[in-house]
Amino acid sequence: MTIRSWIRFFISTLLVGGITTGIVGIVVRWNELVILLSGQDIVEVISVIVWMVGVGMTFSVVSQMGFLAYLTIHQFGMGIFRSVKLWNSVQLVLVAFVLFDLVYFRFQAFADDGASLLPYIGLAIFILIVGLLVASLRAKQTNKSIFPAALFFMVVVTTLEWLPVLRSNETYWLITIMFTLLATNAYQILSLPRYNKRSQKERTERLARKEARKKESGTQQNKTK
């Protein structure tokens, strides 16, 4: 990816994170914001929204770091296992392991006596469904062999990026940051082919301009002779 395309990629992901957190944050904290608006405290409402957008942008940077880390890990995995099918199988096993941990350890850490397991299972199922949807779309863009890698990224990497919030178990942050990370990770993995094509086009155009300048320079030299 060229520097220009990477900057566009970075800024667009930043905006996705900020906008998602802003929208989800408003929905989750709607009752609180309505009270502030009823008291005509518009400045306070705006400051809360701006703060939420800033938090979303911060987590979008975390998301991008996770994406770059996964691209590196993916190459290591391909090199170690030397088989796409074997590496994909390992990733699918890790997906199942992380989903189990997401349910089991959170239930053990935060559930009260007699509490239902369903909310914890529901959260893991939701992430799995989103991961399956995004992985299916990514597979349609390129080929079916990319499906396990995309699913691994959407489930495992998203969960790892989500860990600081998972440890607190605060409902507001849990929901808001979950949607932010899912949105930014989905955007990155689905838009990457488009940015790669744009980068290739930019390289081709740059080489064409370079060749044109060489020809023009050669023509001018011949005229002077």
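All of the numbers you see were taken from the coordinates with simple rules; none came from a lab. All figures in this text were calculated on a predicted structure; none of them were measured in a lab. With ideal geometry, Cβ positions are generated from the backbone for all residues, glycine too; neighbour counts draw on all protein chains shown.
What is the fewest-to-most order of Leu182, Leu192 by other Cβ atoms lying within 10 Å of their Cβ?
Leu192, Leu182
Got a sec? How would Asp112, Asp101 order by Cβ neighbour count within 10 Å, fewest to most?
Asp112, Asp101
Can you list which of the DSSP-assigned H helices in the chain have a Cα extent of 15 Å or more along the long axis and an average Kyte-Doolittle score of at least 1.0? Before the final figure, lay out each step's value.
Numbers: long enough: 3-28 (37 Å, 1.61); 42-81 (57 Å, 1.56); 84-110 (38 Å, 1.35); 118-141 (34 Å, 1.71); 171-224 (76 Å, -1.01).
Long hydrophobic helices here: 3-28, 42-81, 84-110, 118-141.
Among rounded, prolate and oblate, which fits the range 1-65 when a ≥ b ≥ c are the square roots of the eigenvalues of its C-alpha gyration tensor, a/c under 1.5 means rounded, and a/b larger than b/c means prolate?
prolate
Give the Cα extents of the chain along the principal axes, in whole Å, largest first.
Largest first, the chain extends 92, 56, 25 Å along its Cα principal axes.
For Val84 and Leu190, what does the FRET efficiency come to when R0 = 25 Å and r is the distance between their Cβ atoms, rounded to the nearest 0.05?
Once rounded, the FRET efficiency stands at 0.75.
Among the listed pairs Lys140/Lys197; Lys85/Lys197; Lys85/Lys201, which are separated by more than 20 Å between their Cα atoms?
Lys85/Lys197; Lys85/Lys201
Can you put Trp51, Trp30, Trp87, Trp173 in order, fewest other beta carbons within 10 Å first?
Values: Trp51 13, Trp30 10, Trp87 20, Trp173 17.
Fewest-to-most Cβ neighbours within 10 Å comes out as Trp30, Trp51, Trp173, Trp87.
How much FRET efficiency would the formula 1/(1 + (r/R0)^6) give for Val27 and Ala109, where r is the Cβ-Cβ distance and R0 is 22 Å, rounded to 0.05?
0.25
What is the range 28-117 by shape, rounded, prolate or oblate, if you read a ≥ b ≥ c off the alpha carbon gyration tensor as root eigenvalues and call it rounded for a/c under 1.5, prolate for a/b larger than b/c, and oblate otherwise?
oblate
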